[in-house]
Structure formats: C-alpha cells, structure tokens
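K.L.:
Questions regarding the structure given below will be posed in turn.
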Amino acid sequence: MKEDDLPFLIAASRRILAREGCESRVAGHVSARVDGEEAFWVSPFGYFDETTPDMVIKVNFDLERLKGDWEPSPAIEFHAAIYRARTDVRSVIHTHSHHLSKFVTRAIPIGMYNVASVLFHDDQALFDREDMKNHTMGGGMVRMLGDKRVLLMKNHGAVVASQSLEQATIEAMMLEKCAEYHLAAEAIGGTEFPLEEVERGRTRYQQFFLPQMWEANFRRLRRSDPDLFEFLD
C-alpha cells in the first residue's frame, strides 16, 4: 500500500480528526470518491482513532460493497447522494464532534469570530430532519447543501463536502474549533470580523492554511501512530 492510496488516507484522516477533538464514537464517516467510477471508499462503524486501511471499504453509489470485509453503515446513503449530485466533491466527512454538536442545537451558521472561521464564510447550509423526503436523508441534504461546502445538521452534527480528502479533513477539524470559538466569544459578548477582512482572508486561508495544516498533521501522525504506517510497502 502507498501513502496516496485512498484507504490509507481515509484511515489517516480519521486519526487526525480524532486527535483534534472530532471523534464521533463508532458513528461518523470519512469517504473519498473513486476516479472514473460511480464508487467511493468509506470507513465503517468504529472509533476514528482505531481506523486502519484494511477496515476501509469500497462501495458503489447503490451502496453495494465492492471491496473490503467490513459491513457498510446505512448512514452512508447521503455520501452517495452528494457524490451523485456534486461532481466537484471528492470527499465527504461526517462528524458529531463535541462543541459542534452543542452548537447545532440552534439553527444558525457559525459566525466569523476567529481568523480560521473565514474558511466557512457564506459556505454553510442548515439541515433539519424535517427537510427529508421519502424517509431518506440524502435527497434532503443535497437540496439544502446546494453548492455549499458545509451542512450543519440540527441536533446532530455536520457534513463537509469538499474538493479533496486532505482539504475536507482540515475543514472538518476547523469547523469544530470555530464552533468552540463562536460559543466562547458569544458568551463574553464578542464581536465578529468585519466583512471586508473575512473576504480578504478567505482566499489566503484556502491557499496556504489548508495544505500546510494537512502536511503538519500528517507529520505528527508519523510519530504518534506508527501502527498505521506499518501498512505501507
């Protein structure tokens, strides 16, 4: 197995998320689209920090398992729905992290209270189970997400739909941090960034912060999780 194989990257992503407070117990999933196929690799039920590449499975858009031994969760239905509808999306991450789960008890977007929050300016949509139709979540989530990157799920968690697994990982991590910043700032009467500063900072954070954060966290993972790297050739 190579470092750029999707099962390895998904396992790495989940471990990075776990160490940054985005553990979702045995729920929550990280997935990545397969090039040239109507299929994606996705993690099964399990703690984020225990994930190894051999646990990751490949399924098609009808949720039929194509590779791997672990059973797919029925909750990945909305991953397939997003991939069908959004050809620009290469990775979908769903978490129920602590501060984010508190934050989504209200149906409001995360505010611009911290420099990293500019990543999510005008890129969040709100979802409630009342938006579901025909008892499936995927269709409602696709409708509410539109062309945005983040879906905040009322009383549940969040979904990040992004252009790469690496970018989605850091965005999911920072979504948790920015929810924490929002709650803390709101509690002391803090104010948000001016709009012009938000718009100016967003492009630079996407260009520099996201890739550098992935590389830095991947380096840390080499030291903290040697069992993961034993899967490499």
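K.L.:
Let me spell it out: the conditions are (1) modelled with pLDDT of 95 or more; (2) in contact with a helix residue (DSSP H, G or I) (Cβ under 9 Å, 6 or more places away or on another chain); (3) over 21 Å from Pro53 (Cα atoms), and Glu215 meets all of them except one. Which number is the exception?
P.N.:
(3)
K.L.:
Only one of Glu64, Glu20 is surrounded by 15 or more Cβ atoms within 10 Å (Cβ to Cβ) and among the acidic types (Asp, Glu). Can you tell me which?
P.N.:
Testing whether each residue is surrounded by 15 or more Cβ atoms within 10 Å (Cβ to Cβ) and among the acidic types (Asp, Glu) leaves just Glu20.
K.L.:
Okay, moving on. Name every residue in the range 177-233 that is under 18 Å from Asp122 (Cα atoms), surrounded by 16 or more Cβ atoms within 10 Å (Cβ to Cβ) and not hydrophobic (A, V, I, L, M, F, W, C), in order of residue number.
P.N.:
Residues satisfying the conditions are Lys177, Tyr181, His182, Gly201, Arg202, Tyr205.
K.L.:
Can you name the condition, by its number, that Lys2 falls short on among (1) within 16 Å of the chain's Cα centre (by Cα); (2) exposed (fewer than 15 other Cβ atoms within 10 Å of the Cβ)?
P.N.:
All conditions are met except number (1).
Residue-wise test of (1) out of contact with any Lys or Arg (no Cβ under 7 Å at 6 or more places or on another chain); (2) basic (Lys, Arg).
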site: Glu3; (1), (2): yes, no
site: Leu6; (1), (2): yes, no
site: Arg14; (1), (2): yes, yes
site: Glu38; (1), (2): yes, no
site: Trp41; (1), (2): no, no
site: Phe48; (1), (2): no, no
site: Trp70; (1), (2): yes, no
site: Ser97; (1), (2): yes, no
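K.L.:
Going by the structure shown, is Arg143 of a type in the set (D, E, K, R), within 21 Å of Gln163 (Cα to Cα) and modelled with pLDDT under 95?
P.N.:
Yes.
K.L.:
Just need a number here: residues in the range 73-100 that are hydrophobic (A, V, I, L, M, F, W, C), in contact with an Asp or Glu (Cβ under 9 Å, 6 or more places away or on another chain) and either surrounded by fewer than 19 Cβ atoms within 10 Å (Cβ to Cβ) or part of a helix (DSSP H, G or I) (or both).
P.N.:
So the answer is 2.
K.L.:
On to the next question. Is it the case, given these coordinates, that Arg204 is charged (D, E, K, R) and at pLDDT below 95?
P.N.:
yes
K.L.:
Further question: Just give me the residues in the range 146-194 being of a type in the set (A, V, I, L, M, F, W, C) and assigned to a loop (DSSP other than H, G, I, E, B), in sequence order.
P.N.:
Ile188, Phe193
K.L.:
Turning to a different aspect of this structure: Taking the criterion of being at pLDDT below 95 and either of a type in the set (S, T, N, Q) or more than 29 Å from Asp4 (Cα to Cα) (or both), would at least one residue in the range 73-82 satisfy it?
P.N.:
Yes.
K.L.:
Also, I was wondering about something else. Give me a count of the residues in the range 53-72 that are closer than 19 Å to Phe229 by Cα and in a strand (DSSP E or B).
P.N.:
The total comes to 1.
K.L.:
Which of (1) within 21 Å of Trp214 (Cβ to Cβ); (2) assigned to a helix (DSSP H, G or I); (3) of a type in the set (A, V, I, L, M) is the odd one out, the single condition Val30 does not satisfy?
P.N.:
Here Val30 meets the rest and fails (2).
K.L.:
Report the residue count in the range 19-41 for those that are of a type in the set (Gly, Ala, Ser) and more than 12 Å from the chain's Cα centre (by Cα).
P.N.:
Of the residues in the range 19-41, 4 are of a type in the set (Gly, Ala, Ser) and more than 12 Å from the chain's Cα centre (by Cα).
K.L.:
Given the criterion touching a residue at least 40 places away in the same chain (Cβ under 8 Å) and over 23 Å from Phe209 (Cα atoms), identify the matching residue among His94, His99, His121, His79.
P.N.:
Going through His94, His99, His121, His79 in turn, the sole match is His79.
K.L.:
Condition first: within 15 Å of the chain's Cα centre (by Cα), among the β-branched types (Val, Ile, Thr) and within 15 Å of Ala27 (Cα to Cα). Can you find one or more residues in the range 83-91 that meet it?
P.N.:
Taking every residue of the range 83-91 in turn, none turns out to be within 15 Å of the chain's Cα centre (by Cα), among the β-branched types (Val, Ile, Thr) and within 15 Å of Ala27 (Cα to Cα).
The values are calculated or read from the model by the stated rules, or taken from the named source; none is laboratory data. Just so we're clear, the structure is a prediction, and the values are computed from it rather than from any experiment. Counting neighbours? That spans all protein chains shown, and the Cβs are built from the backbone with ideal geometry, glycine included.
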